[in-house]
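The structure appears right after this line, and notes come after that.
Only the coordinates and a few stated rules stand behind these numbers; no lab work does. As the structure is a computational prediction, the values presented were derived from the model and not from experiment. Heads up, the Cβs are rebuilt from the backbone with ideal geometry, glycines too, and the neighbour counts pull from every protein chain shown.
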Amino acid sequence: MEKNYWLFKSEPFKWSWEMQKAKGEAGEEWDGIRNYQARNNMRQMKIGDKAFFYHSNEGLEVVGIAEVCALSHPDTTINDDRWDCVDIKAVCDMPKPVTLKAVKANPALEKMSLVTSMRLSVQPVTKQEWLEVCRMGGLENPPL
DNA sequence: GCCAACGTTGGC
DNA sequence: GCCAACGTTGGC
């Protein structure tokens, strides 16, 4: 089945890439999402889908690549069946983090959700965008 | 820390 | 179902 690509935003003070990596293969629940569009995106994710890990507020850059390791399930941090989330695990670092500035400056990425839907915290990424950001990040063989 | 953008809530 | 008020996100 064709894989899809995504982007997860996190404020490094709350949940950083380093913390995600420390979880290793076990991965971690992407809880706390209280936005329908972001939740709907997570509900569409499949095991093995790849995603960029983006640091918002501080850093403002794609710092690594993660993979969906558990399908959407109820968010264990709230007793409200509206909110689901997936689990993700770290796959690899971006050799060169790709900054928001660089994304905005690249005409090939002008339609990317990171630019057009600035406030959406879980976004879809097209395959072309995936390959382009991986190329900018210095990944010779991007995980697909 | 400010504030613009935008999603959500709730009164009507 | 509209829309004003409010809360949150996130770049700067």
* Asked: Hey, among A:99, A:116, which residue is surrounded by fewer than 20 Cβ atoms within 10 Å (Cβ to Cβ) and within 16 Å of DNA strand B (Cβ to nearest atom)?
  -> A:116
* Taking the range A:45-96, which residues are touching a Lys or Arg at 6+ places or on another chain (Cβ under 7 Å) and among the hydroxyl-bearing types (Ser, Thr, Tyr)? -> A:54, A:56, A:72
* Check on residue A:76, surrounded by fewer than 19 Cβ atoms within 10 Å (Cβ to Cβ), touching a residue at least 60 places away in the same chain (Cβ under 8 Å) and among the β-branched types (Val, Ile, Thr) -> no
* Structure fact -> By residue number, the members of the range A:1-41 that are assigned to a loop (DSSP other than H, G, I, E, B) and among the basic types (Lys, Arg) are A:3, A:14, A:23, A:34
* Residues in the range A:30-43: is at least one loosely packed, with under 14 Cβ neighbours inside 10 Å and either within 19 Å of residue A:99 (Cα to Cα) or of a type in the set (A, V, I, L, M, F, W, C) (or both)? -> no
* Structure fact -> Restricted to the range A:12-32 and to residues being in contact with a Gly (Cβ under 9 Å, 6 or more places away or on another chain) and within 16 Å of DNA strand B (Cβ to nearest atom), the residue farthest from residue A:58 (Cα to Cα) is A:14
